[in-house]
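Visitor: Supplied in structure tokens, the structure appears directly below.
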2 protein chains.
Amino acid sequence: MKTLVIVGHPKVAESTTQQLFKAGVASSDDITWHQLTETLDVNLEQALLLQADRVVFQFPLYWYSAPALLKHWQDTVLTTKFSVGTAYSLAGKELGLVISTGAAKKEFQSGADEQFTMSEILRPYEALANKTKMKYLTPLVVYQFPYLTKLQQERLFINYQRYLTDPKFNHFVGQEKWITQRLLQKIDAEENAEKRETLQQIQSVLQDNVDELIDLTMTADMIRQDEDE
Amino acid sequence: MKTLVIVGHPKVAESTTQQLFKAGVASSDDITWHQLTETLDVNLEQALLLQADRVVFQFPLYWYSAPALLKHWQDTVLTTKFSVGTAYSLAGKELGLVISTGAAKKEFQSGADEQFTMSEILRPYEALANKTKMKYLTPLVVYQFPYLTKLQQERLFINYQRYLTDPKFNHFVGQEKWITQRLLQKIDAEENAEKRETLQQIQSVLQDNVDELIDLTMTADMIRQDEDE
């Protein structure tokens, strides 16, 4: 699966969130980190889009939408001829959003400071996916990055990598499978016997947990079925 | 009431909708028609905002939001210091939207082509008004301008003028009052006796209609009260 990350942050170098994200994709072949600048070559941009299976718009929320830098890209690159009309060049691809905001998660609801949910605020992107026949993914939203603990930052780092590379990132079993695959890759690559053994032990514990969870899920399903009958 | 119209259309000269709108404000002192360009003087823009009672963002819908030209203005002019923080310089002012779209009105609902209502799509602007303590006005949306009949265009022209100048543009009695005032102004200014008489006749018929409607509204209210008791 090929992922194109369109970074619409006007000041990537100054953003700690973006720097964390950038570190997460540095080592991957299947991810293209594409940082936008003022100048655009429409043909090149469209060619990048055509190569991708998953397209991710990554930006800080400025007045409840993307910065002008990314909006300019949308207005210029996503021409009617290319994205709708007879071509529908993006049809079947996935559209993901990685968004950062300085407001707290709890403010995005009725009666709270921001009044609307993040799903409501991001409707224009969902409508874009709908219009171009793309599959809209659940957005990955980072609230108040500076307040995250070290552990929360590490979890975010993993979630971000999964958001870019895991074909089924919002299924629980998908998550375990993704981590298992990553571990097996690491075990294969590890030359130190002792470290390899540690990784194998972790992998084994994880596998036990997954098996147990699958059992529990099946039991829960059976109980539910009994209740329905 | 002072109204500032911030025109975020990148090609005003080529747009028949914008040209119709522009004709509607040409003769007014209380309206500032402010056409955005690439270069911005933040202090000047903020000074314009401070003078206005009603601020109107006027733009064609590009990918379900304002063109990058207006988004750049939002990102640059509406600084935290100016619009929120301790200043809240826009608090109490009204925020209106005049939007044109090539899609039909009926497509903006669940199950139709555009999937979402216009209210949902425009949430980011409602959230902006909420955040800055502005009063969000019902947007004036022009669907498929090229398909409008001459009569529909004339109605739109009147509605647009009311949207910019009528303090109570979405109340029915407000509408009649606004038209009556306009007529009285025209009668005063008219030097041709015959034409003045025609205008007075129109004004008289209109006044009769308004009186009748106020009677009907009161009767309906009384019936409703009886039902409640």
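Values quoted throughout were computed directly from the atomic coordinates according to the rules given, and no laboratory measurement underlies them. What you see is a predicted model, and the numbers here were worked out from it, not measured in a lab. With ideal geometry, Cβ positions are generated from the backbone for all residues, glycine too; neighbour counts draw on all protein chains shown.
Visitor: With only alpha-carbon pairs counted, each pair once and no self-pairs, how large is the Kirkwood hydrodynamic radius of region A:3-169 in angstroms? Write down the numbers at each step before the final one.
Guide: Values: mean 1/r = 0.0606 Å⁻¹.
For region A:3-169, the Kirkwood estimate is 16.5 Å.
Visitor: So how far, in whole Å, is the C-alpha centre of region A:182-205 from the one of region B:92-151?
Guide: Here the two parts' Cα centres lie 56 Å apart.
Visitor: What FRET efficiency comes out for B:Gln109 versus A:Gln225 if R0 is 56 angstrom and r is the Cβ-Cβ distance? Round to the nearest 0.05. If you can, show how the numbers build up before the last one.
Guide: Details: r = 37 Å, r/R0 = 0.65.
Working from the Cβ atoms, E equals 0.95.
Visitor: How many nanometers, to one decimal and shortest first, lie between the label point of B:Pro167 and those of its other copies, if labels sit 7 Å from Cα toward Cβ?
Guide: Sorted ascending, the copy-to-copy spacings read 6.4 nm.
Visitor: Right, something else. Between copies, how far apart are the A:Gln185 label points? List them in nm, one decimal, shortest first, with each point 7 Å from Cα toward Cβ, please?
Guide: Inter-copy label distances (nm, one decimal, shortest first): 6.8.
Visitor: Within region A:164-185, which residues have the backbone N less than 14 Å from the label spot 7 Å out from A:Met1 along Cα→beta-carbon, could you tell me?
Guide: In region A:164-185, the label zone of A:Met1 (backbone N under 14 Å from the point 7 Å along Cα→Cβ) covers A:164-182.
Visitor: So for the pair B:Gln201, B:Lys11, with labels modelled 7 Å out along Cα→Cβ, what separation do we get in nm?
Guide: Once both label points are built, they end up 4.6 nm from each other.
Visitor: What is the gain in length, in nm to one decimal, between B:Ile187 and B:Thr79 on full extension, counting 0.36 nm per residue of separation less the C-alpha to C-alpha distance? Write down the numbers at each step before the final one.
Guide: Details: separation 108, 0.36 × 108 = 38.88 nm, distance 4.59 nm.
The span from B:Ile187 to B:Thr79 would gain 34.3 nm if fully extended.
Visitor: Which of the chymotrypsin sites (Phe, Trp or Tyr not before Pro) across region A:80-171 are loop residues per DSSP, with 16 or fewer other Cβ within 10 Å?
Guide: Numbers: sites: A:Phe82, A:Tyr88, A:Phe108, A:Phe116, A:Tyr125, A:Tyr136, A:Tyr143, A:Tyr147, A:Phe157, A:Tyr160, A:Tyr163, A:Phe169; in loops: A:Tyr88, A:Phe108, A:Phe116, A:Phe169.
For chymotrypsin sites (Phe, Trp or Tyr not before Pro) across region A:80-171 that sit outside H, G, I, E and B with at most 16 neighbouring Cβ atoms in 10 Å, the list reads A:Tyr88.
Visitor: Let me ask you something else. Counting each DSSP H run of 4 or more residues in chain A as -39500 (n - 2.57), what helix-only mean residue ellipticity at 222 nm follows after dividing by all residues, to the nearest 500 deg cm²/dmol? Don't jump to the answer; show the numbers that get you there.
Guide: Numbers: 9 runs with 117 residues, N = 229.
Result for chain A, helices only: -16000 deg cm²/dmol.
Visitor: Hey, what do the phi angles of region A:116-131 turn into as Karplus ³J(HN,Hα) couplings, whole Hz, using 6.51/-1.76/1.60 and θ = phi - 60°, x for Gly and Pro?
Guide: Karplus-based 3J(HN,Hα) across region A:116-131 equals 10, 6, 4, 4, 5, 4, 8, 3, x, 6, 5, 5, 5, 4, 4, 5 Hz.
Visitor: Here's a follow-up. Mind giving me the FRET efficiency for B:Leu213 and B:Thr138? R0 is 35 Å, r the Cβ-Cβ distance, nearest 0.05 is fine. If you can, show how the numbers build up before the last one.
Guide: Numbers: r = 21 Å, r/R0 = 0.60.
According to the calculation, E is roughly 0.95.
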